[in-house]
Amino acid sequence: MLGEARALAAVEAAGIPFTVTRHGPVRSLEEAAAARGVQPGDIVKSLVVRRADDDFLFVLVPGDRQFSWPKLRALLGTNRLSMPDAAVAKAVTGYERGTITPFGSTRAWPVVADATVAGRTVSLGGGAHGVALTVNGDDVIRVLDAQVADISDTSDISD
């Protein structure tokens with residue numbers, strides 16, 4: 001519960017409207033969306049990306065889209081980015097994979113939000129398994145001072 005308490009305290013301190021949804025285990029994006037009462041594209045994954053030793057950032061991408069390494073590298077002007085393993089991700093955010101959110105992270109890393117996060121209601125991880133925060137994407141971008149850019153591609157295999 002410690003992660004959930006940190007996430008909730010942080011979103012409350014941000015002063016933005018939000019709702020909390022709690023649900024049991026889910027095995028897919030579709031199950032998570034149904035449990036939260038949203039569409040799959042409304043779920044936003046909070047990913048941790050490593051730029052260098054002790055230099056990370058959060059990347060926010062809707063669940064129905066795939067995060068694009070080439071687009072993020074071009075945006076950041078670097079050729080070297082990687083995903084940390086689960087232990088490192090927890091060490092630098094305080095959250096386990098599947099619960100990660102920029103709200104209440106133990107370190108305030110920069111945030112890059114996919115352009116599709118803007119102008120809609122989104123559901124983010126809430127710091128614990130089965131806990132989600134439903135918030136306005138524009139509020140998330142504003143309070144986290146997120147850089148907004150096209151950093152994703154459709155995840156539809158037929159494309």
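The values are calculated or read from the model by the stated rules, or taken from the named source; none is laboratory data. Note that the coordinates shown come from a computational prediction; the quantities given were computed from them, not determined experimentally. Don't worry about glycine lacking a Cβ; one is built from the backbone with ideal geometry, like all the others, and counts go over all protein chains shown.
Tell me which residues, restricted to segment 97-117, are of a type in the set (G, A, S) and within 21 Å of A13 (Cα to Cα). Break it down stepwise before answering.
Filtering segment 97-117 for residues of a type in the set (G, A, S) gives 98, 104-105, 108, 113, 115.
Correct list: G104, S105, A108, A113.
Which residue is nearest to V59 (Cα to Cα), if the candidates are limited to segment 129-141 and must be surrounded by fewer than 21 Cβ atoms within 10 Å (Cβ to Cβ) and touching a strand residue (DSSP E or B) at 6+ places or on another chain (Cβ under 9 Å)?
To start, the set of residues in segment 129-141 that are surrounded by fewer than 21 Cβ atoms within 10 Å (Cβ to Cβ) comprises 129-131, 134, 136, 138-139, 141.
If we keep only those that are touching a strand residue (DSSP E or B) at 6+ places or on another chain (Cβ under 9 Å) too, we end up with 130-131, 134, 136, 139, 141.
Details: G130: 20, V131: 19, T134: 17, N136: 17, D139: 16, I141: 11 Å.
Among residues in segment 129-141 that are surrounded by fewer than 21 Cβ atoms within 10 Å (Cβ to Cβ) and touching a strand residue (DSSP E or B) at 6+ places or on another chain (Cβ under 9 Å), the one nearest to V59 (Cα to Cα) is I141.
Give segment 12-56 a look and list any residue that's small (G, A, S), loosely packed, with under 14 Cβ neighbours inside 10 Å and farther than 24 Å from A115 by Cα, or say none. A13, G24, A52, listed by residue number. Of all residues in segment 79-105, those being surrounded by fewer than 20 Cβ atoms within 10 Å (Cβ to Cβ), modelled with pLDDT of 95 or more and polar (S, T, N, Q) number 1.
Can you confirm whether D153 is outside any loop (DSSP other than H, G, I, E, B), farther than 21 Å from V20 by Cβ and at pLDDT below 95?
Numbers: outside any loop (DSSP other than H, G, I, E, B): yes; farther than 21 Å from V20 by Cβ: yes; at pLDDT below 95: yes.
Considered against the rule, which asks whether it is outside any loop (DSSP other than H, G, I, E, B), farther than 21 Å from V20 by Cβ and at pLDDT below 95, D153 comes out as yes.
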